[in-house]
Amino acid sequence: MAVRRRTSPRAGAERSDVFARKGRVARPVRSREGYPSLRSWTMSRIRSKNTKPEMVVRKAAHALGLRFRLHRRDLPGTPDLVFPGRRIALFVHGCFWHRHGCTKATTPASNVGYWTAKFERNVARDARNAAELRKLGWRCVRIWECETKNAKSLAGVLEREVAAKSVKVCK
């Protein structure tokens with residue numbers, strides 16, 4: 001069976017009409033032409049919330065019976081998961097952006113000075129947020145992106161770090 005492509009100039013308008021009829025709002029997709037550079041457009045595609053590693057951690061925590069709140073903006077660093085009853089703030093960090101010691105923490109070959117400074121600022125900000133959380137009486141748990149690949153070990157980390165009585169504090 002052949003796939004038909006929409007060739008009419010109103011192809012996008014048809015989609016928004018369908019969304020309008022269902023009571024949903026069609027979010028406009030910003031094209032690459034509206035950005036000053038390809039790098040700027042690429043960086044705009046990187047999400048800070050609801051990333052794949054975060055969703056894996058949320059699913060595993062829920063399966064363990066842990067209940068949590070998401071992205072509490074009133075806490076330093078806006079933790080990805082917050083366990084208010086246990087006073088635990090959990091961050092799901094990407095290995096590239098937050099400089100984990102694994103193979104994913106590579107440095108781009110171009111513009112090395114910019115990237116080195118950026119990564120240092122990210123790490124300093126993470127340390128500052130963890131210190132502020134400790135001052136407020138919260139315990140900080142960090143889960144790295146590479147730890148989310150194996151579901152069994154992730155469940156073990158969550159049980160050990162969150163479900164257990166004693167929790168390691170972020171350094």
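Read-outs throughout are calculated quantities, based only on the coordinates presented, and are distinct from any laboratory measurement. What you see is a predicted model; the values in this text were computed from it and never measured. Virtual Cβ from ideal backbone geometry, glycine too; neighbours counted across all protein chains shown.
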>> Could you tell me the calculated FRET efficiency between residue 164 and residue 135, based on Cβ-Cβ distance and R0 = 30 angstrom, to the nearest 0.05?
In response: 0.85
> Which pairs break 18 Å Cα to Cα here: 49/135; 52/118; 59/149; 49/152?
Replying inline: 49/135; 52/118; 49/152
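Taking the DSSP beta bridges in segment 42-148 as the whole, what percent of them are antiparallel, to the nearest 5? Intermediate results must be reported in sequence, preceding the final value.
On the way: 5 of 11 bridges.
Expressed as a percentage, antiparallel bridges in segment 42-148 total about 45.
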>> Give me a comma-separated list of calculated 3J(HN,Hα) values for segment 74-86, in order, Karplus coefficients 6.51, -1.76, 1.60 applied at θ = phi - 60°, integers in Hz, x for any Gly or Pro.
In response: 7, 9, x, x, 6, x, 5, 10, 10, 10, x, x, 9
> Going by average Cβ neighbours within 10 Å, how do the peptides 105-114, 85-94 rank, with the highest at the top?
Replying inline: 85-94, 105-114
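Evaluate E = 1/(1 + (r/R0)^6) for residue 110 and residue 51, where r is the Cβ-Cβ distance and R0 equals 25 Å; express this FRET efficiency to the nearest 0.05. Don't jump to the answer; show the numbers that get you there.
Working: r = 25 Å, r/R0 = 0.98.
Step by step, r from the Cβ atoms, then E = 0.55.
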